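A.B. asks: Structure incoming, see below.
The values are calculated or read from the model by the stated rules, or taken from the named source; none is laboratory data. Keep in mind that what you see is a predicted model, and the values were worked out from it rather than measured. Counting neighbours? That spans all protein chains shown, and the Cβs are built from the backbone with ideal geometry, glycine included. Side chains included, ligands, DNA and RNA excluded: accessible areas come from the protein's heavy atoms. Shrake-Rupley method; radii C 1.70, N 1.55, O 1.52, S 1.80 Å.
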Amino acid sequence: IEQALREGKITLGLIEGTAHQSTLHYTPFMRDELVVVAHTGSSLAAYDEISLEQLRTLPLVLRENGSGTLDVVEAALAEHQVKLSQLNVVLQMGSTESIKLFLENSEALGIVSIRAVTRELMSGRLKVIEVEGFRAERMFAFAEPQGQNGGVEESFIRYACQNWR
């Protein structure tokens, strides 16, 4: 996204994480939390809370290498001296939607955005399982070229910040 902005291919982007380039202006938009979830039909749904040591041993589905989500998970685990290679990762997938679908018919946990599973949590299809002492948070921000003021981009940012936080 940042490269497309620098090259003038797009005029507004939404990024996650802390990448900051001097040629771009960033407007913080919203916080997000990554949570551990299980399908309520899974035997893992019996857990309300697990330890970090249990998280290491239970089957886990994560986003693919190179995804911002996986970077956030990796950084949060590193705070507890845990590496991704120490987890029982059974599969890595290219989207949150594919993880949710996989969890429907598996005995695995997934780590996904709380915002991405709101419907499934409300309908009772997925359940959040707390992990003692573990928090994985990220910030989303709008990015646009420095000096770009006004226009439809600014109106959209204003609207989004007022209505979607």
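A.B. asks: When a/c reaches 1.5 or more, the comparison of a/b and b/c decides; with that in mind, is the chain rounded, prolate or oblate per its Cα gyration tensor?
C.D. replies: prolate
A.B. asks: Give the percent of DSSP beta bridges with both residues in the chain that are antiparallel, rounded to the nearest 5.
C.D. replies: For the chain, the DSSP antiparallel bridge percentage is about 70.
A.B. asks: Also: Taking all protein chains in place and a 1.4 Å probe, what share, in percent, of the accessible surface of the chain do carbon and sulfur account for?
C.D. replies: Its accessible area is 50 percent carbon and sulfur atoms.
A.B. asks: Roll a 1.4 Å probe over the protein chains and send me the accessible area per residue for the range 2-123 in Å².
C.D. replies: That works out to 52 Å² for each residue.
A.B. asks: Between the range 20-89 and the range 109-165, what is the C-alpha centre distance in whole Å?
C.D. replies: 15 Å
A.B. asks: In whole percent, what relative contact order does the chain give with Cα contacts below 8 Å and a gap of six or more residues?
C.D. replies: Reported relative contact order: 44 percent.
A.B. asks: Right, something else. Where the only charges are on Cβ atoms (+1 Lys, Arg; -1 Asp, Glu), what is the dipole of the range 106-165 about its Cα centre, to the nearest 20 debye?
C.D. replies: 200 debye
A.B. asks: Please list, by residue number, every one of the chymotrypsin sites (Phe, Trp or Tyr not before Pro) in the range 116-165 that is coil in DSSP and has at most 11 other beta-carbon atoms within 10 Å.
C.D. replies: Here the sparse-neighbourhood loop sites are TRP164.
A.B. asks: Along the Cα→Cβ direction, 7 angstrom out, place labels at GLU97 and ILE114. What is the inter-label distance in nm?
C.D. replies: For GLU97 paired with ILE114, the spin-label model returns 2.4 nm.
A.B. asks: Given the whole protein assembly as supplied and a 1.4 Å probe, what does the accessible area of VAL36 come to in Å², nearest 10?
C.D. replies: 10 Å²
A.B. asks: Now a separate question. With only Lys, Arg, Asp and Glu charged, each at its Cβ (+1 for the first two, -1 for the last two), find how big the charge dipole of the range 23-114 is about the Cα centre; round to the nearest 20 debye.
C.D. replies: 140 debye
A.B. asks: Right, here's the next one. Taking the Cα centre of the range 1-77 as origin, work out the dipole magnitude from +1 charges on Lys and Arg Cβ and -1 charges on Asp and Glu Cβ, in debye rounded to 20.
C.D. replies: Taking the Cα centre of the range 1-77 as origin, the dipole is about 240 debye.
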